[in-house]
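Peer 1: Once you've had a glance at the structure underneath, I'll fire off some questions.
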Amino acid sequence: LRSITVSRKFSRQMQVWEAGTARVRLDNTDGALSPDNLSGPYVSVGVTQIRPGRPFRLTMSYGGTAVRLFVGYSTAWDEGWIQAGTNAGDAWVDVSAADEWSILSGIDGVEVAAVGAGDTFGARLHRILDAAGRRDPRSIATGVTTMQATTLAGGPTSDIKATVESEGGAAWIDRNGTFRASDKYSLSEDAVSNTVQATFGDGGTGSTACHLMELGFP
C-alpha cells in the first residue's frame, strides 16, 4: 500500500451525505494485481478476481488499535507503470471505491400502490431500504415525524432525502458501511454533536498533536 485517500461530503441543506469514495495506490511491481495476469494469485477457475464490484474494506492500525476507515465496493482498477530499462522501472494499481450510497443511487424506483401512511421516520427509511433489496447493517432512529403514503417511485436516494427533509434529521453511510439515520433532535441532543470530541494542536496539554489538517465546507 502506497497511499490512501478517503472523501465524504455532507449536504447541509438536505442533511444527507453524498456517496463516500476511497482511492488507494498499491504496489504492482510483481504484476499480481494485473487483471490480464491469469497466472497470478487472484485468479479463480481461469477468471481474474481483479474487477469492479468487489467488496472493499480499508482499515488502518494506530497504536496497536485497528481503525476502520472505509467500507464499500471497488469501482475501478487502473494500472500504471514506468519502463526504465531491464530490471528497472515501476508499476502500480490505483483502486477506486464507493460506499453503499453509490449502490442506492443506481437503483431505479419501482412504483407500487401507495403504502405506509403514518410511517414513522425510521419505519419509512426501513421500508425504502427493504424495497431496494438492501440488507446491509442499519442503525436508524425511530424519529418523531409521521409520513404520508408513498409509491416508492422516486428511487431510494430521492425517497431517503424526502424522508430526511420531512423529519429534519440526517442520514449517512458510516465508515463501517452501516446506514445511519438520526432524528430531528440529534444535532442538539447527541453527545457526538454537542460535545467536543477532540482538540488538535501542537500536542500540548489537552490537545492531540497534528502535522497538517485540511478542512472543506461545501
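The values are calculated or read from the model by the stated rules, or taken from the named source; none is laboratory data. What you see is a predicted model; the values in this text were computed from it and never measured. Every residue, glycine as well, gets a Cβ built from its backbone with ideal geometry; the counts of neighbours run over all protein chains shown. Only protein heavy atoms, including side chains, enter the accessible area calculation; ligands, DNA and RNA are left aside. Shrake-Rupley method; radii C 1.70, N 1.55, O 1.52, S 1.80 Å.
Peer 1: Dipole magnitude of region 51-190 about its Cα centre, charges +1 at Lys/Arg Cβ and -1 at Asp/Glu Cβ only, in debye to the nearest 20?
Peer 2: 340
Peer 1: As a test question: what accessible area, to the nearest 10 Å², does Trp17 have when a 1.4 Å probe is rolled over all protein chains in place?
Peer 2: The value for Trp17 is about 80 Å².
Peer 1: Which order do Tyr62, Tyr42 take by accessible area at a 1.4 Å probe, largest first?
Peer 2: Solvent-accessible surface, decreasing: Tyr62, Tyr42.
Peer 1: Okay, moving on. For the chain, build the charge dipole from Cβ charges (+1 Lys, Arg; -1 Asp, Glu) around the Cα centre, then report which of Trp101, Thr145, Trp77 sits farthest towards its positive end.
Peer 2: Selected residue: Thr145.
Peer 1: Taking the Cβ of Gly155 as the center, what net charge do the other residues with Cβ under 11 Å away carry, scoring Lys and Arg +1 and Asp and Glu -1?
Peer 2: Spelling it out: positives minus negatives among the neighbours equals -2.
Peer 1: Right, something else. For the chain, which longest stretch is free of loop sites, where a loop site is one of the GluC sites (Glu not before Pro) that DSSP puts outside H, G, I, E and B and that has at most 14 other Cβ atoms within 10 Å?
Peer 2: Looking at the chain, 1-110 is the longest stretch - no exposed GluC sites (Glu not before Pro) with at most 14 other Cβ atoms within 10 Å.
Peer 1: May I pose another question? Per residue, what accessible area does the chain have, given a 1.4 Å probe and all protein chains present, in Å²?
Peer 2: That works out to 61 Å² per residue.
Peer 1: Now, a different point. Find, to one decimal place in angstroms, the Kirkwood hydrodynamic radius of region 118-202, where the mean of 1/r is taken over every pair of different Cα atoms and then inverted.
Peer 2: Hydrodynamic radius (Kirkwood, Cα only) of region 118-202 equals 13.8 Å.
Peer 1: Nearest 10 degrees, 0 to 90: what angle lies between the long axis of helix 156-167 and the longest principal axis of the chain (Cα atoms)?
Peer 2: Taking the Cα atoms of the chain, the angle to 156-167 is about 50 degrees.
Peer 1: To the nearest 0.05, how large is the calculated FRET efficiency for Ala198 and Ala113 if R₀ is 45 Å and r is the Cβ-Cβ distance?
Peer 2: 0.35
Peer 1: In whole percent, what relative contact order does the chain give with Cα contacts below 8 Å and a gap of six or more residues?
Peer 2: Computed over the chain, the figure is 18 percent.
Peer 1: For the chain, which whole-number percentage of the solvent-accessible area (1.4 Å probe, protein heavy atoms only) is attributable to carbon and sulfur atoms?
Peer 2: For the chain, the apolar C and S fraction of the accessible surface comes to 50 percent.
Peer 1: For region 73-181, divide the Cα radius of gyration by the Kirkwood radius and give the resulting Rg/Rh value with two decimals.
Peer 2: 1.25
Peer 1: If you build the convex hull over the alpha carbons only and average its shadow over all orientations, what do you get for the chain? Give it in nm² to one decimal.
Peer 2: Mean projected area of the Cα convex hull: 16.9 nm².
Peer 1: To continue, here is another question. Relative to the first principal axis of the alpha-carbon coordinates of the chain, what is the inclination of helix 121-131, with its axis defined by its Cα atoms, in degrees from 0 to 90 and to the nearest 10?
Peer 2: 50
Peer 1: Which residues does the label zone of Thr146 cover in region 173-204, counting backbone N under 20 Å from a point 7 Å along Cα→Cβ?
Peer 2: 183-185
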